[in-house]
1. Let me confirm something: among VAL53, VAL64, which residue is of a type in the set (A, V, I, L, M, F, W, C) and more than 20 Å from ARG109 (Cβ to Cβ)?
2. Could you say which residue among GLY174, GLY152 is in the same structural domain as ALA117 (by TED's automatic domain parsing) and at positive phi?
3. Consider PRO114 carefully, then state whether it is out of contact with any His (no Cβ under 6 Å at 6 or more places or on another chain), under 18 Å from ARG12 (Cα atoms), assigned to a loop (DSSP other than H, G, I, E, B) and not assigned by TED's automatic domain parsing to the domain that holds ARG31.
4. Identify, please: which residue in segment 4-34 is out of contact with any strand residue (DSSP E or B) (no Cβ under 6 Å at 6 or more places or on another chain), of a type outside the set (Val, Ile, Thr) and outside any helix (DSSP H, G or I) and is, among those, surrounded by the fewest Cβ atoms within 10 Å (Cβ to Cβ)?
5. Based on what the data block shows, is ASP161 part of a loop (DSSP other than H, G, I, E, B), exposed (fewer than 13 other Cβ atoms within 10 Å of the Cβ) and not assigned by TED's automatic domain parsing to the domain that holds GLU28?
6. Here are some conditions: (1) more than 17 Å from the chain's Cα centre (by Cα); (2) surrounded by 13 or more Cβ atoms within 10 Å (Cβ to Cβ). GLU45 meets all but one. Which one does it not meet?
7. Say whether the condition of being over 11 Å from the mean Cα position of the chain (by Cα), part of a helix (DSSP H, G or I) and within 30 Å of PRO164 (Cβ to Cβ) is met by at least one residue in segment 86-109.
Amino acid sequence: MSVSNLHANLARLTSLVQHRWNILVIAELHRYSGAKFITLVHRLEVSRGSLSVSLADLIDLGFVRRNTGYGHPMRPEYLLTTHGVAIGDDCSALVQIIQRRDDVDLAFRKWTLPLVAAIGEHRLRFKQLRSSIPDATPRAITIGLKSLLRQGWAARTLIDDFPPTAGYALRPKGRQILACLDSLYSAD
């Protein structure tokens with residue numbers, strides 16, 4: 001994948017995960033073929049304000065739409081668009097993989113999934129990660145990497161070069177999550 005494609009894909013992924021609940025909302029709407037607002041609040045155990053922000057963002061991104069036929073008690077308020085349906089399986093798979101509470105907290109932070117995607121199948125230095133995700137501050141990348149290392153999603157190794165430096169690569173859990181991100185990359 002070329003550098004410009006990688007930057008474009010990471011930008012799309014970053015915009016999708018900019019709100020903590022976006023992936024979870026898509027997975028839930030995919031699982032039940034739509035839902036009402038209050039049902040999402042209860043199933044996801046999210047505040048009304050946070051859910052409103054995520055739904056507005058997902059509507060702006062073109063993954064969710066309001067149901068025009070809403071009004072009948074049995075009809076869902078929110079449905080996935082064709083773009084939302086296209087990534088629904090991968091969002092659901094991602095949520096399935098991330099079942100432990102600690103992993104959920106880590107996975108849905110703003111820069112976690114973009115960092116996993118940026119590392120990919122490579123071993124990258126901090127500077128390479130920084131150039132892959134230009135919108136992330138060095139502090140955000142550092143905090144994200146420390147969290148990935150602590151949870152066992154990534155490993156830090158020494159690169160024998162001049163000067164010696166650290167490299168970051170995904171461990172099995174991180175690679176498993178990376179596999180779910182492929183269609184989220186190309187989501188438009």
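The values are calculated or read from the model by the stated rules, or taken from the named source; none is laboratory data. Since we're looking at a predicted model, the values are computed, not measured. We place every Cβ from the backbone using ideal geometry, glycine too, and count neighbours over all the protein chains shown.
1. On the way: VAL53 fails: more than 20 Å from ARG109 (Cβ to Cβ).
Just a single option satisfies the conditions, and that option is VAL64.
2. On the way: GLY174 fails: at positive phi.
Residue meeting the stated conditions: GLY152.
3. On the way: out of contact with any His (no Cβ under 6 Å at 6 or more places or on another chain): yes; under 18 Å from ARG12 (Cα atoms): yes; assigned to a loop (DSSP other than H, G, I, E, B): no; not assigned by TED's automatic domain parsing to the domain that holds ARG31: yes.
Spelling it out, it is not the case that PRO114 is out of contact with any His (no Cβ under 6 Å at 6 or more places or on another chain), under 18 Å from ARG12 (Cα atoms), assigned to a loop (DSSP other than H, G, I, E, B) and not assigned by TED's automatic domain parsing to the domain that holds ARG31.
4. SER33
5. yes
6. (2)
7. There is no residue in segment 86-109 that is over 11 Å from the mean Cα position of the chain (by Cα), part of a helix (DSSP H, G or I) and within 30 Å of PRO164 (Cβ to Cβ).
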